[in-house]
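Peer 1: Handing you this structure, nothing more for now.
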Amino acid sequence: MSQLALPTASATRRALVLFSGGQDSTVCLAWALQRYARVETVGFDYGQRHAIELKQRLVVLDEIRREFPEWGSRLGEDHVLNLGILGQISSTALTDGRKIEMQANGLPNTFVPGRNLLFLTLASCVGYRREIDVLVGGMCETDFSGYPDCRDDTIKSQQITLTLGLGQRVTIETPLMWLDKAATWRLADELGGAKFADLIVQHTHTCYVGERGALHAWGHGCGKCPACELRRSGWERWATEAMHA
Ligand code: ZN
């Protein structure tokens with residue numbers, strides 16, 4: 001890969017990416033590595049049903065360093081915060097063994113109330129300590145499950161709250177906010193070509209059930225849970241588009 005020219009405003013700026021090892025946050029990571037001089041990552045261990053996500057995030061970081069040396073040279077420290085407390089204060093299909101289903105309020109029972117608010121607040125604390133004022137997250141209002149803390153207004157409001165509360169400017173970037181899943185695959189391809197799209201297929205983890213299982217064209221997963229369903233249908237739309245382009 002040739003030397004990437006960073007936009008001048010970002011030439012010295014550092015960013016912290018909320019990185020779970022899933023498809024969306026991996027695309028956000030590449031997006032940030034394309035733009036910022038130094039990029040660190042933060043992940044949260046909150047007693048997910050399957051620790052596979054935490055394992056895959058390290059695999060993805062290694063693969064990026066190995067396959068994309070230009071990006072790798074900007075990739076800094078990885079931070080993992082233990083949020084076991086989230087399992088204590090919420091009972092959801094993501095943190096205990098319950099079946100994934102829709103609740104009466106129209107949200108799937110994978111919803112951990114206010115999770116992104118907590119994640120962004122903690123990330124801003126890590127950023128403050130590391131002199132990083134840009135946070136990057138994969139929140140998305142387009143193909144989402146209706147989580148209110150993924151909404152653009154929620155994020156903008158929190159950006160102001162954190163800026164006031166920390167006494168210094170915090171910018172929250174959400175490059176996927178208005179993209180559907182097909183467009184997220186397209187963005188991955190634009191950022192790092194077929195090699196990066198393939199890295200996402202092979203190594204990122206999205207499945208709620210935590211199944212790696214067989215490798216489908218769109219990646220590993222059970223193929224039936226809402227996360228696999230979104231990932232698969234997005235991939236199919238993107239693949240069809242690419243074929244006709
Ligand atoms: Zn699944």
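Peer 1: Do the alpha carbons of any pairs in 55/156; 156/224; 195/224 sit beyond 29 Å of each other, and which pairs?
Peer 2: 55/156; 156/224
Peer 1: Could you work out how far the C-alpha centroid of the stretch 190-245 sits from that of the stretch 16-68, in angstrom?
Peer 2: A separation of 16 Å, based on Cα centres.
Peer 1: Multiply the residue separation of residue 190 and residue 236 by 0.36 nm, subtract the distance between their alpha-carbon atoms, and state the gained length in nm to one decimal.
Peer 2: Details: separation 46, 0.36 × 46 = 16.56 nm, distance 1.70 nm.
Residue separation times 0.36 nm, minus the Cα-Cα distance, leaves 14.9 nm.
Peer 1: Still on this structure, I have one more. Using label points projected 7 Å from each Cα along Cα→Cβ, tell me how many nm separate residue 222 and residue 168, to one decimal.
Peer 2: Inter-label distance under the simple model: 4.4 nm.
Bear in mind these aren't lab numbers, they're just calculated from the coordinates by the rules spelled out. In this text the structure is predicted, and so the values were computed from the model without any measurement. Note that each Cβ is placed from the backbone with ideal geometry, even for glycine, and that neighbours are counted across all protein chains shown.
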